[in-house]
1. Under the condition of being of a type in the set (Gly, Ala, Ser) and outside any loop (DSSP other than H, G, I, E, B), which residue from region 152-170 is farthest from the chain's Cα centre (by Cα)?
2. Within region 117-132, can one find any residue that is open to solvent by less than 50 Å² (accessible area, probe 1.4 Å), outside any helix (DSSP H, G or I) and under 25 Å from Glu216 (Cβ atoms)?
3. With (1) among the aliphatic types (A, V, I, L, M); (2) open to solvent by 80 Å² or more (accessible area, probe 1.4 Å); (3) modelled with pLDDT under 95 as the list, and Ala283 as the residue in question, which single condition is left unmet?
4. Looking at region 354-411 only, could you name the residues that are part of a loop (DSSP other than H, G, I, E, B), within 20 Å of Leu321 (Cβ to Cβ) and touching an Asp or Glu at 6+ places or on another chain (Cβ under 8 Å)?
5. Among (1) open to solvent by less than 50 Å² (accessible area, probe 1.4 Å); (2) assigned to a helix (DSSP H, G or I); (3) more than 30 Å from Pro265 (Cβ to Cβ), which single condition is Phe214 missing?
6. Here are the criteria: (1) of a type in the set (D, E, K, R); (2) touching a His at 6+ places or on another chain (Cβ under 9 Å); (3) assigned to a loop (DSSP other than H, G, I, E, B). Tell me which single one Arg23 does not satisfy.
7. Pick out the one residue from Leu11, Leu76 that is buried (at least 19 other Cβ atoms within 10 Å of the Cβ) and among the aliphatic types (A, V, I, L, M).
8. What residue, among those in region 339-365 that are surrounded by fewer than 18 Cβ atoms within 10 Å (Cβ to Cβ) and touching a Phe, Trp or Tyr at 6+ places or on another chain (Cβ under 9 Å), is nearest to Ala268 (Cα to Cα)?
Amino acid sequence: MEVVHGRCAGLDVSKRDAKVCVRVAGVGRRKTVETVTTWGSTTNQVLALREHLIAEQVTCAVMEATGDYWKPFYYLLEDAGFEVMLVNARHVKNLPGRKSDVADATWLAQLGAHGLVRGSFVPPEPIRQLRDLTRARTAITRERGREIQRLEKLLEDASIKLSSVASDITGVSGRAMLEAMIAGQDDPAALADLAKRRLRSKIPALTEALSGRFTEHHGFLARVHLDLIDRHTRAVEDITARIEVVIAPFQGFRDLIATIPGIGPLVADVVVAETGADMTRFATAGNLASWAGTTPGHNESAGRVKSTRTRPGNPYLQGALGAAAMACAQNPGTYLGARYRRIASRRGPMKANVAIQHTMLIAIWHMGRYGTLYEDPGADFFTRLHPERAKNRALHQLEAMGYQVTLDRTG
């Protein structure tokens, strides 16, 4: 087998250290030499490792994406002058019977020397900072949602059914009622009268829902939950303000993709952070969709397709695009909304959601690669594409309802 890198290193990284195999390919009768050493994961140890690899004239270093432990090694080695390759662990599964850190490092060095692995996408430093911010905002937002759920459970324990009347128990009206209950107010009518705007039309229902057994114990816990919610809210606001500063160099791409229906500023931030706003890294739109995990899997044997289940992709990008796809599903006036309903009627809402994510990524790739603007084909695109098929579908639906239909062409 052809040797691509005569001097290649394989790193099996863990929390405390890394097993490093330096493989020097033999020439002629000279045998291939593989030397394994152990290096700590502290900064000084990684810097010493870098000097060791430079002294060994290594041209390529390969490591697995193991949790977050690969980051100190990758970031300190990437400017050492040789190629540093981060590979997906699923692509370099070890051979049976050779499971050890030393064997892993040796196996990585062998794969890298023969060019049998592909490097994963590691964004540049500005995108890495933006990615840290968007992921932190997502995590804190989810934690805030969990606190709201805990508060709702507390109210259920006190027989307060506020969430059955108000859609947001931490909104302006809900917050005023909760603060009053914590302060000791137990008159349901007085609490319901704190409702604002459209919720005032539900005062009778609120009066009934706020009749419960809210005690001092519940008030103490409600105060704790509300303070935590406020703390999360302030953290989200601070991170969002920081994102606006860091994302400035990519503002053009962000504004461009935000014209796609369903993609708002928050989703656009995640798309920029996860894809790097550089579509040249993905050879085709299909490569981007496959990397994100929105394309069907390929599992075929003996001419039979066993499974088309999507492969694992980028969970942060999938989560953001999934929310955007649901927003499209609720918008009847766009092409994406029509496509969602068309697929959902045949294959279910989950597959329809993934299909819309795939469509969005295809559009994002073309917009980012060529700078084209998004043009919505319209909600009637499929009717215009196959008018005869649309007509027959409508006729079958009416006939199934018991109608006898006669059509006359107008115009």
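1. So, considering only residues that are of a type in the set (Gly, Ala, Ser) and outside any loop (DSSP other than H, G, I, E, B), the one farthest from the chain's Cα centre (by Cα) is Ser164.
2. No, because not a single residue in region 117-132 is open to solvent by less than 50 Å² (accessible area, probe 1.4 Å), outside any helix (DSSP H, G or I) and under 25 Å from Glu216 (Cβ atoms).
3. (2)
4. Passing the criteria: none in range.
5. Result: Phe214 fails condition (2) only.
6. Exception for Arg23: condition (3).
7. Exactly one residue qualifies, and that residue is Leu11.
8. Pro349
The values are calculated or read from the model by the stated rules, or taken from the named source; none is laboratory data. Small disclaimer: the values here were computed from a predicted structure and weren't measured. Here the Cβ is made from the backbone with ideal geometry for all residues, glycine too, and neighbour counts use every protein chain on show. The area values use the complete protein model at the heavy-atom level, side chains included, leaving out ligands, DNA and RNA. Shrake-Rupley method; radii C 1.70, N 1.55, O 1.52, S 1.80 Å.
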